[in-house]
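Values quoted throughout were computed directly from the atomic coordinates according to the rules given, and no laboratory measurement underlies them. Everything numeric in this text was worked out from a predicted model, so none of it was measured. In this analysis, Cβ positions are derived from the backbone assuming ideal geometry, glycine residues included, and neighbour counts consider all displayed protein chains.
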Amino acid sequence: MPTINSIEDLKRLREEARKIKDMRDQTGKTQIVVGMGTIGIAAGARETLKEILTFIEENRLPDIILRQTGNLGLDGMDPIVKVTLPDKEEIAYCKVNTDIARRIMQEHVVDGNVLTEHLVKE
Amino acid sequence: MRELALHILDIAENSISAGASQVKIYVNQNTRVDQLCIVVKDNGKGMDDELISKVLDPFTTSRTTRKVGLGIPLLKQAAEACNGSLTIESQPGEGTILTAKFQECHIDRMPLGNLADTFLTLLLGTPDVNFVLDYQVNDEVFHFDDSEVKEVMDGMSLTDYRVIEYLTNTIQTGINETNEKAIQQGVNYAYN
């Protein structure tokens with residue numbers, strides 16, 4: 001599918017995505033959540049989210065649902081990124097700057113290996 | 001916060017927490033009257049007068065009793081330090097309008113910063129909320145309403161790489177063109 005330049009292109013993309021969705025039924029997607037409370041924003045959460053978007057765009061990654069949410073209640077550990085691969089447990093990372101975000105995307109989301117650093121300790 | 005765009009993101013997060021289904025963001029830089037005006041308007045659950053005074057004051061209550069943190073007092077302080085003001089109009093069930101005004105060329109005025117990234121974070125990261133952006137520099141206006149995109153995508157993920165690329169280009173181009181046209185009309189200061 002070529003680059004999208006209009007709402008018409010977007011409609012074609014939707015139809016294409018629907019077909020794929022129907023074929024795969026409900027096979028899971030990777031969920032990524034970035035905490036965007038006041039402290040998170042001040043600590044760079046917007047840049048972290050933007051880096052993840054850039055990575056998805058550059059690497060043309062399919063089936064990723066990225067969301068932002070308010071304060072995740074883990075003050076002092078922002079920016080926080082939570083990653084849930086299909087049929088896997090949620091993994092929470094803390095102090096995720098743009099470099100760490102890129103590593104999470106490559107090593108965890110693409111290669112499937114959870115990083116050993118920057119994990120939120122319960 | 002290093003930029004006003006980050007404050008705008010923070011204020012919009014309050015609107016989302018308040019259950020808004022629509023958030024409108026107006027940024028108006030008027031060099032003729034030397035004013036930068038930011039308005040965030042939502043249709044969330046609204047606040048009564050008591051709660052408004054609480055969210056404006058950083059000291060009257062502890063964080064456990066309210067969802068809204070220090071973001072609003074910080075922005076209020078930043079506005080007042082630049083001959084400006086911050087006001088909140090709201091009623092329970094009626095939504096909220098937050099207005100922050102700054103003297104445009106005040107030496108202490110924070111840069112507007114990356115408004116495009118703030119808007120992309122909101123609209124891509126919150127698929128169930130409708131966001132509207134109006135960015136104005138004097139007579140030049142960029143208007144973007146994500147409802148058409150969200151209706152077309154019909155609840156499907158917006159974080160498809162092609163959608164990200166399309167929206168990033170549309171919004172960044174719109175803001176850049178507004179700035180360039182304003183510069184052609186003689187506005188001669190840096191936007192970042």
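When the expected Rg is taken as 2.2 N^0.38 Å, what fraction or multiple of it is the alpha-carbon Rg of segment B:4-184?
Here the Cα radius of gyration is 1.05 times the empirical estimate.
Which pairs break 18 Å Cα to Cα here: A:Lys29/A:Lys95; A:Lys50/B:Lys181; B:Lys54/B:Lys76; A:Lys50/B:Lys41?
A:Lys29/A:Lys95; A:Lys50/B:Lys181; A:Lys50/B:Lys41
Quick one: if the Förster radius is 35 Å, what FRET efficiency do B:Gln35 and A:Ser6 give, using the C-beta to C-beta distance and rounding to 0.05?
Calculated value: 0.45.
Quick check: pseudo-label points 7 Å beyond the Cα along Cα→Cβ at A:Leu115 and B:Thr173, how many nm apart are they?
The two pseudo-label positions are separated by 3.4 nm.
When the helix-only estimate is applied to the protein assembly as shown (DSSP H runs of n ≥ 4, each -39,500 (n - 2.57), divided by the residue count), what is the mean residue ellipticity at 222 nm, nearest 500 deg cm²/dmol?
After summing the helix terms and dividing by the residues of the protein assembly as shown, the value is -11500 deg cm²/dmol.
From the Cα trace of chain A, what convex hull volume per residue do you get, rounded to a whole Å³?
123
For A:Glu58 and B:Asp145, what is the calculated FRET efficiency with R₀ set at 30 Å and r taken between the beta-carbons, to the nearest 0.05?
With R0 = 30 Å, the Cβ-Cβ based efficiency is 0.60.
In nm, to one decimal, how far is the modelled label at B:Asp134 from the one at B:Arg2, with both set 7 Å along Cα→Cβ?
Between B:Asp134 and B:Arg2, the simple spin-label model gives 3.1 nm.
Quick one: in the protein assembly as shown, what % of C-alpha pairs are over 37 Å apart?
17
Of all the C-alpha pairs in segment B:125-177, what % are more than 14 Å from each other?
56
Using a Förster radius of 35 Å, what is the FRET efficiency between A:Lys19 and A:Leu74 based on their Cβ-Cβ separation? Nearest 0.05, please.
Step by step, r from the Cβ atoms, then E = 0.30.
Ignore the peptide's own chain and count Cβ atoms of other chains within 10 Å of each Cβ in A:37-47; give me the average, rounded.
6
Could you order peptides B:46-55, B:147-156 by the average number of other Cβ atoms within 10 Å of their residues, highest first?
B:46-55, B:147-156
What nm value, rounded to one decimal, do you get for the distance between B:Glu180 and B:Asp57 when each label is placed 7 Å out toward the C-beta?
That separation, rounded to one decimal, is 5.0 nm.
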